[in-house]
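Every number in this text was worked out from the coordinates using simple rules, so none of it is lab data. Remember, predicted model here, so these are calculated numbers, not experimental data. Cβ coordinates were reconstructed from backbone atoms using ideal geometry, including for glycine residues, and neighbour counts include every protein chain displayed.
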Amino acid sequence: MGNEQVTERSDMDSFAALFEASMAEADLGREGEIVSGTVVHVGRDNVVVDIGGKSEGVIPISEFAGPDNQVTVKPGDKVDVYIESRENDEGLVAISKEKADKMKVWDEISSACERDEIIDGTINQRVKGGLSVSIRGGVKAFLPGSQVDLRPIRNLDKLIGQTYQFKVIKFNKKRGNIVLSRRVLLEKERDEMKARTLQNLTEGMVVKGVIKNITEYGAFVDLGGIDGLLHITDMSWGRIQHPSEVFQVNDEVTVKVLKYNPETERVSLGLKQTQEDPWNHAEEAYPPGKKVRGKVMSITDYGAFIELEPGIEGLIHVSEMSWTKKVKHPSKLLEPGQEIECQILEVDAKAKRISLGLKQLEPDPWSVFTDKYSPGDRIVGKVRSLTEYGVFVGIEEGVDGMVHKSDLSWTVKVQNPSDMFHKGDEVEAIILSINHDEKKVSLGIKQLFDDPWPFIFTEFPPGRVIDDCRVIAVVDYGCFVKLREGVEAFIAVSDIDEETFKSLKIGDQLKAEIANIDTTERRLIMNARNVGETARSVLKAAQVQPTGSSKATLGDLLKGKLGDFSKG
């Protein structure tokens with residue numbers, strides 16, 4: 001029995017020793033695990049760490065260097081290390097602080113990912129498809145370009161060096177793959193802001209926002225999670241060609257909510273509505289007669305629009321551009337962008353219209369004319385134009401008078417004034433009347449001379465031959481001749497020798513006789529072909545007298561002949 005007891009005690013001691021060794025091994029940890037150790041020595045190149053169980057390991061001192069390469073570790077400090085392998089022949093354990101730190105970071109990232117936490121990170125470089133981000137402990141993560149912001153960013157390089165918050169959207173510890181997103185956080189923030197904004201948004205309220213995007217027709221303004229459209233027509237009371245003239249992206253603006261549709265979440269904004277309408281003071285600022293300066297904004301067929309101040313434009317109608325020139329198109333006088341002076345003619349603030357004048361800056365030629373001339377005055381001017389009914393003569397710059405064709409001659413009926421006058425001819429005339437309302441002047445040329453008709457039969461009886469009839473006009477159907485000042489006559493082409501007519505020109509002199517006096521049409525007709533024929537017919541009539549009239553004289557016959565003409 002004694003021997004059995006001794007044997008049993010020996011077995012128990014062996015088991016205890018094995019258990020103790022097993023427990024010691026358990027305290028040391030296994031390969032691939034992280035355990036806590038104590039620094040027992042800090043050398044120039046290495047740090048000795050006791051991990052328990054009288055086991056020690058050596059770690060390069062570089063693994064303890066901080067960001068500034070300074071080593072602050074000292075004996076007695078507790079550190080976590082990673083067991084790479086068990087004791088070697090020298091009784092040392094292969095351990096690493098650097099690997100322990102990295103494993104702890106990965107564990108922290110894994111836990112943060114499971115808890116849906118936010119991670120801080122710094123963008124350090126651009127890589128294919130996105131950016132590389134340094135997160136906890138210097139671990140590299142990937143930020144896809146589509147996850148950088150709410151809107152695509154063309155220049156990703158400008159983000160390098162920036163620190164942001166991210167959310168882990170993909171995590172694989174074995175592969176060492178971490179994918180981040182900043183857009184998810186921004187979308188969440190935007191949705192929260194949008195909810196708060198929509199809760200308080202009402203039409204008519206004035207809000208602040210930031211210009212996010214600019215188009216040809218307007219700008220989109222971020223009001224806080226929701227964008228509103230600021231149309232180009234609501235940016236300014238003045239005229240804007242493109243929104244970029246007024247805004248740049250990221251500009252802060254104060255705008256008014258014009259319309260808001262909760263169902264579609266569409267918001268229309270106005271900037272000019274936050275300012276007073278300049279037309280409210282237009283009538284006081286621009287009284288008729290005031291001279292103003294402005295800028296030519298646009299030109300149309302009928303006039304030019306002039307900006308007097310932002311939001312207020314006036315129209316210079318083409319008829320108000322010149323007293324003396326017939327302006328065919330405003331572009332002949334003005335061009336867009338030109339600074340000009342003009343005069344206020346009329347203001348209609350309700351209709352937002354201002355009539356402007358350019359010619360009013362110069363004296364009105366009509367006023368100058370009426371101050372200088374009166375009916376009965378003689379004028380000398382040049383023929384400006386001809387019509388079927390008369391001749392227009394320039395009296396003063398900007399003022400023309402018209403000679404009706406019935407006032408051209410006492411003794412010739414002029415059917416077409418262009419037969420006797422040409423553009424540029426200098427003529428003398430008398431002012432017959434002045435119509436101030438219509439600004440018209442009536443002229444007369446025949447009125448320069450006394451009416452010859454009371455004495456026409458005495459001075460120019462039928463049959464009288466005139467040797468020096470001066471040609472004043474040649475037409476296809478004959479010619480007009482002057483007998484003296486104020487008396488003209490017509491000779492038909494059939495009453496002129498053919499060869500003579502072909503070579504006939506103004507200023508030539510013809511020998512002709514009075515052939516007919518038309519008192520009804522008040523015209524003299526002459527004959528240049530058979531000069532003296534009328535006189536001979538009168539003499540012939542005198543030689544053949546009826547019975548009882550032998551006492552009739554040549555004078556009586558002439559008087560009778562003249563009487564026949566006057567009746568005709």
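Quick look at the values:
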read-out	value
For the chain: relative contact order, % (alpha-carbon pairs under 8 angstrom, 6 or more apart)	5 percent
Nitroxide proxy distance, nm - points 7 Å out along Cα→Cβ at S494 and R384	4.1 nm
Proximal aspartates and glutamates relative to K446, as straight alpha-carbon distance under 12 Å, when same-chain residues fewer than 8 apart are discounted	D407, E428, E485, E488
Theoretical FRET efficiency, 1/(1+(r/R0)^6), r = Cβ-Cβ of L185 and M205, R0 30 Å, to 0.05	0.55
Other-chain or far-sequence residues with amide H under 5 Å of V475's (modelled H)	F480
Net length gained if the chain between K328 and S110 were fully extended (0.36 nm per residue, minus Cα distance)	70.3 nm
Förster radius 60 Å - calculated FRET efficiency between E276 and D80, Cβ distance, rounded to 0.05	0.25
Cα-based radius of gyration of the chain once divided by 2.2 N^0.38 Å, which approximates compact folds	2.36
Flagged links, alpha-carbon separation over 20 Å, of K256/K352; K482/K511; K291/K439; K382/K405; K328/K382	K256/K352; K291/K439; K328/K382
Cα-based Lys pair tally, the stretch 67-159, threshold under 29 Å, eight or more apart or on separate chains	19
Kyte-Doolittle mean at least -1.0, axial Cα span of 24 Å or more - DSSP H helices of the chain	2-28
Label zone at R154, where the point sits 7 Å out along the Cα-to-Cβ direction: the stretch 203-225 residues whose backbone N lies under 16 Å	212-216
Convex hull of Cα atoms in the stretch 201-274, direction-averaged projection (nm²)	4.4 nm²
Gain in span if fully extended, R464 to S319, counting 0.36 nm per residue against the direct Cα distance	46.6 nm
Within the chain, helix-based [θ] at 222 nm, where runs of 4 or more DSSP H residues each add -39,500 (n - 2.57), nearest 500	-6000 deg cm²/dmol
Length released on extending from M297 to S503, taking residue separation times 0.36 nm less the Cα-Cα span	68.1 nm
DSSP-defined antiparallel bridges as percent of all bridges, the chain, nearest 5	90 percent
Proximal aspartates and glutamates to K332, defined as alpha-carbon separation beneath 20 angstrom and excluding residues fewer than eight positions away on the same chain	D301, E307, E320, E341, E362, E397
FRET efficiency, N69 to E309 (Cβ-Cβ, R0 56 Å, nearest 0.05)	0.25
16 Å cut-off, amide nitrogen to a point 7 angstrom out along L198 Cα→Cβ, residues in the stretch 260-279	260-268
F455-D476 pseudo-label distance in nm [points 7 Å out on the Cα-to-Cβ vector]	4.0 nm
Rounded Å value of the spacing that divides the Cα centres of the stretch 396-464 and the stretch 221-289	66 Å
Loop sites in the stretch 58-133: trypsin sites (Lys or Arg not before Pro), DSSP, at most 14 other Cβ within 10 Å	R86, R115, K128
